[in-house]
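The values are calculated or read from the model by the stated rules, or taken from the named source; none is laboratory data. Small disclaimer: the values here were computed from a predicted structure and weren't measured. Heads up, the Cβs are rebuilt from the backbone with ideal geometry, glycines too, and the neighbour counts pull from every protein chain shown. Heavy atoms of the whole protein, side chains included, go into the accessibility calculation; ligands, DNA and RNA do not. Shrake-Rupley method; radii C 1.70, N 1.55, O 1.52, S 1.80 Å.
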Amino acid sequence: MRIYGRNPVLEALREGRVRRVWVARGVERWLVRQLEASGVELVFVPRIELDQMVRTTRHQGVVAEVEGVAFADEEAPLRRARERGEPPLLVLVDGVTDPRNFGAILRTAEALGAHGVVSEERRSAPLSPVAVKASAGAAHRIPVVRVKNLPRYIEWLKGLGVWVYGTAGQAEKTLAELDYARPLALVVGSEGEGMRRIVREHCDELVRIELRGETESLNVAVALGIALHWAVQHRG
């Protein structure tokens, strides 16, 4: 997999995941020094070659070849919760197809302590370089699971004692009215249509974020961040 941009590449270097870096001729010397200090192979090329390589001009003069992100198995988030001695806190994603939003969800989930992110094979953005870049490295630090059928996975979780809360703008209950001490999975849907009806029907509770301004909705990763932060804070 190839990633681009200074921060994503430097983050990958710190984590030891980079095999090779292509650098545009003429980039700032401080960046070249950091890359050289890492000991990885550097290849200096014209900037237009990087444009063609990643099909964008937003690479900031640096592209890296890194290990691809492998999907985790379905039980990986629960294992991580046990390893940490914490009640499970999962993020379930229904219908988010924009890779930048998916990457932002991964970043938010990892930063706030979720144990894994689960999405459905047919209705999710690919774990592409764009998504990995948007995740700011989180895609490599949190279990990312793909399942064939999200409602069926929800029922499997419920059989293990995990409660499932779906975020929905028209829900009657607010974040303040639910119990977060129990094993928990939070479901977020696409920005346009939200959760599918079949997913909504499998949730134990539906919850909304109280908005006080005139804006009717939030970006999905922002909404997830608010809900996750609330859950973590109210777990103590």
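Taking each residue of region 13-33 that is more than 17 Å from GLN52 (Cα to Cα) and at pLDDT below 95 and looking for partners that are open to solvent by less than 80 Å² (accessible area, probe 1.4 Å) and among the basic types (Lys, Arg) with beta-carbon atoms closer than 7 Å, six or more apart or interchain, yields LEU31/ARG6. Selection of region 209-227 for residues being open to solvent by 40 Å² or more (accessible area, probe 1.4 Å) and either in contact with an Asp or Glu (Cβ under 8 Å, 6 or more places away or on another chain) or modelled with pLDDT of 95 or more (or both) yields SER217, ASN219, VAL222, ILE226. If you take the residues in region 23-73 that are over 17 Å from ARG2 (Cα atoms) and of a type in the set (S, T, N, Q), which one is least open to solvent (accessible area, probe 1.4 Å)? So, considering only residues that are over 17 Å from ARG2 (Cα atoms) and of a type in the set (S, T, N, Q), the one least open to solvent (accessible area, probe 1.4 Å) is SER38.
Is region 162-175 home to any residue that is of a type in the set (D, E, K, R), over 20 Å from ALA125 (Cα atoms) and either open to solvent by 40 Å² or more (accessible area, probe 1.4 Å) or part of a strand (DSSP E or B) (or both)?
At the first step, the residues of region 162-175 found to be of a type in the set (D, E, K, R) are 172-173.
This time we only want the ones that are over 20 Å from ALA125 (Cα atoms), so: 172-173.
Right, trim to either open to solvent by 40 Å² or more (accessible area, probe 1.4 Å) or part of a strand (DSSP E or B) (or both) and you get 172-173.
Within region 162-175 (the criterion being of a type in the set (D, E, K, R), over 20 Å from ALA125 (Cα atoms) and either open to solvent by 40 Å² or more (accessible area, probe 1.4 Å) or part of a strand (DSSP E or B) (or both)), the answer is yes, since at least one residue qualifies.
Among the residues of region 25-53, write down those that are in contact with a Pro (Cβ under 8 Å, 6 or more places away or on another chain) and in a helix (DSSP H, G or I). Selection gives nothing.
Which of the residues spanning region 176-195 are of a type in the set (Asp, Glu) and either under 18 Å from TRP230 (Cα atoms) or part of a strand (DSSP E or B) (or both)? Reasoning before the result, please.
First, the residues of region 176-195 that are of a type in the set (Asp, Glu): 177, 179, 191, 193.
Correct list: GLU177, ASP179.
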